[in-house]
Amino acid sequence: TPKTAAADEVTPETTAADEVTPKNTAADEVTTTADEDVAAASKDKPADEWVKVLGNDSIKKKTVKKGTGENLEKGQQIRMRYTMMLSSGKIVEENVEQTFQLGDGEVIDAIDLAANLATVGEQFEVLTQSRFGYGVVGCPPHIGSNCSLLIIIEILQAEDTPKISDMTESERTKIGDRKRKIGNENFGRNDFERASKNYSLACKYLDPPSYAVQEEASDELKDLQAKSWCNLALSELKLEKFTSGIQALIERWKLIRSQQKLCTERGNFSSKREIFKRRRRLYDWQLN
């Protein structure tokens, strides 16, 4: 199991969620089951105001203010503002702005599924059981295990995502690195299944096939490519998916070899030799 190297790769950076401190810890709030929490949160509200997103009470959506724009579509880049609270009313995150790709696992399932029924400009509430929130793992220290949630959301903007082959490197890097960082957050809370999905999609944007993107990647992009493949390998190995984990390490090793070859061709290998030695040692350690 990797130690220092893994921590360097998957340590999540500070997000808006990190800056919000709830009044009480989530552990103090978890006193009922998810089903009971959702039922309590929607008590005294007319039943016809709530839409059962999945046909049952697991996720419910209520429109507070109708939108004036078009319906959101899967794959779009969505910018939203949200406040998240426990079903008791204790605020966990407040007035947080976030951009995510709809249907790509960058947000909890409840938001992904409910937003798919929303329009630009709409304000709505979502009640969700823990299964479609942070589940058994929770999101320490703010959200405990098996916590249901109430989320107030406003859709600020929606834009179509261009084909990868039509994107500039900057555009691909922005989306891919965002997915990588979200993967880091999920890895940090031991949700390796979701982290693997995030890292896999990060690699899709950061290191697409050569037929899709032919120009030479910048040094910054190459570094992000290596990190994403490495983190994907780690999360797959945590899930004991050894074949796909080793394949991700092979992709990372291909990057290292291509960088080594490039430096040699430029006659600049001596100045880069130590970097490659460190990367090779890191690769070998993680492969073990």
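Quick rundown of the values:
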{"read-out": "Residue within the range 17-27 that is open to solvent by 20 Å² or more (accessible area, probe 1.4 Å), part of a strand (DSSP E or B) and either touching an Asp or Glu at 6+ places or on another chain (Cβ under 6 Å) or at pLDDT 50 or above (or both) present", "value": "no"}
{"read-out": "Residue within the range 235-243 that is under 12 Å from Gly176 (Cβ atoms) and modelled with pLDDT of 95 or more present", "value": "no"}
{"read-out": "Verdict on Phe100 being of a type outside the set (A, V, I, L, M) and in contact with an Asp or Glu (Cβ under 6 Å, 6 or more places away or on another chain)", "value": "yes"}
{"read-out": "Residue match in the range 212-219 (condition: open to solvent by 10 Å² or more (accessible area, probe 1.4 Å), more than 22 Å from Gln77 (Cβ to Cβ) and not in a loop (DSSP other than H, G, I, E, B))", "value": "yes"}
{"read-out": "First in the range 59-79 and touching a residue at least 60 places away in the same chain (Cβ under 8 Å), second anywhere and acidic (Asp, Glu) and crowded, with 18+ Cβ neighbours inside 10 Å, Cβ under 6 Å, 6 or more apart", "value": "Lys62/Glu125; Gly67/Glu122"}
{"read-out": "Count - residues of the range 141-159 that are open to solvent by less than 20 Å² (accessible area, probe 1.4 Å) and part of a strand (DSSP E or B)", "value": "5"}
{"read-out": "Residue within the range 163-170 that is in a helix (DSSP H, G or I), touching a Ser or Thr at 6+ places or on another chain (Cβ under 8 Å) and either open to solvent by less than 70 Å² (accessible area, probe 1.4 Å) or polar (S, T, N, Q) (or both) present", "value": "yes"}
{"read-out": "Residues of the range 53-94 classified as among the aliphatic types (A, V, I, L, M), open to solvent by less than 30 Å² (accessible area, probe 1.4 Å) and more than 19 Å from Thr119 (Cα to Cα), total", "value": "4"}
{"read-out": "Filter result (assigned to a helix (DSSP H, G or I), among the aliphatic types (A, V, I, L, M) and open to solvent by less than 50 Å² (accessible area, probe 1.4 Å)) within the range 95-140", "value": "Ala110, Ile111, Ala114, Ala115"}
{"read-out": "Count of the range 221-240 residues which are without any contact (Cβ under 8 Å) to a residue 24 or more places away in the chain and either open to solvent by 50 Å² or more (accessible area, probe 1.4 Å) or among the β-branched types (Val, Ile, Thr) (or both)", "value": "2"}
{"read-out": "Check on Ile175, open to solvent by 50 Å² or more (accessible area, probe 1.4 Å), of a type in the set (A, V, I, L, M) and in contact (Cβ under 8 Å) with a residue 12 or more places away in the chain", "value": "no"}
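The values are calculated or read from the model by the stated rules, or taken from the named source; none is laboratory data. None of the values given here were measured: they were computed from a predicted structure. Backbone-built Cβ (ideal geometry, glycine too); neighbour counts: all protein chains shown. Surface accessibility is based on the protein's heavy atoms, side chains included, excluding ligands, DNA and RNA. Shrake-Rupley method; radii C 1.70, N 1.55, O 1.52, S 1.80 Å.
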